[in-house]
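This report refers to the structure that appears directly beneath it.
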Amino acid sequence: MNRTRQTVVATLIAGSALLGVAACSGSDSNNATAAAKDSPASASPNSPEVPVTPAAEGSQQADGPAVAQLKGGNGIEGKVHSVQRKDGMVMVKFDVTNRSDKDYLTVDWRDGTEVYTLAGSSIVDRTHKKRYMALVDTNGRCLCSEHTASIDKGQTRQLYAQFEAPSTDVKQVDLALGTLSVVTVPIQEG
């Protein structure tokens, strides 16, 4: 867990330094701030909700074709678009679509507080028999999508979660996101 904290702290320090350089460089600091707000690692309780788009049959997200299909109850399904290892972390990008005729409340996705996140998500390295939970920052907040209290009928939410990376000899992991089905996915090197 100590390595995980060091990785998270290093990432946060690097991001802060980058924003400081951008602000002092004479460039438009508003653009640097806007880019930082759009970054998944900078999500905060005050940040806007995750992107929502209308559900469309056969739609392809910006991160490419799906590497795995997710199934959930009550008309909920999803697609994993990328599982990328970089700088000691694994970033998972996916979307979840509500194909039912009513709004879906993600009550089971809470992180032990009243914040609805993907903090309980994990990846499992079967080779070394290790489970990696979603990373948290030094304040105990998940490095994953927040504000996921509901997914309106017919809507798609683009979500993400970050995990400590398993060793480089591990080429696939089992992925458990929220209450969706567990799937085996390949890890892409980034």
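Points worth noting:
- Here MET133 passes the criteria (1) at pLDDT 95 or above; (2) assigned to a strand (DSSP E or B) except the one numbered (1).
- Leading residue by the ranking (modelled with the highest pLDDT) among those in region 136-180 that are open to solvent by 40 Å² or more (accessible area, probe 1.4 Å) and basic (Lys, Arg): LYS171
- Within region 104-130, the set of residues being at pLDDT below 90 and in a strand (DSSP E or B) comprises TYR104, LEU105, ARG110, TYR116.
The values are calculated or read from the model by the stated rules, or taken from the named source; none is laboratory data. Because the structure is predicted, anything quoted here is derived from the model rather than measured. When the accessible area is computed, the model is the full protein with side chains, heavy atoms only, and any ligands, DNA or RNA have been set aside. Shrake-Rupley method; radii C 1.70, N 1.55, O 1.52, S 1.80 Å.
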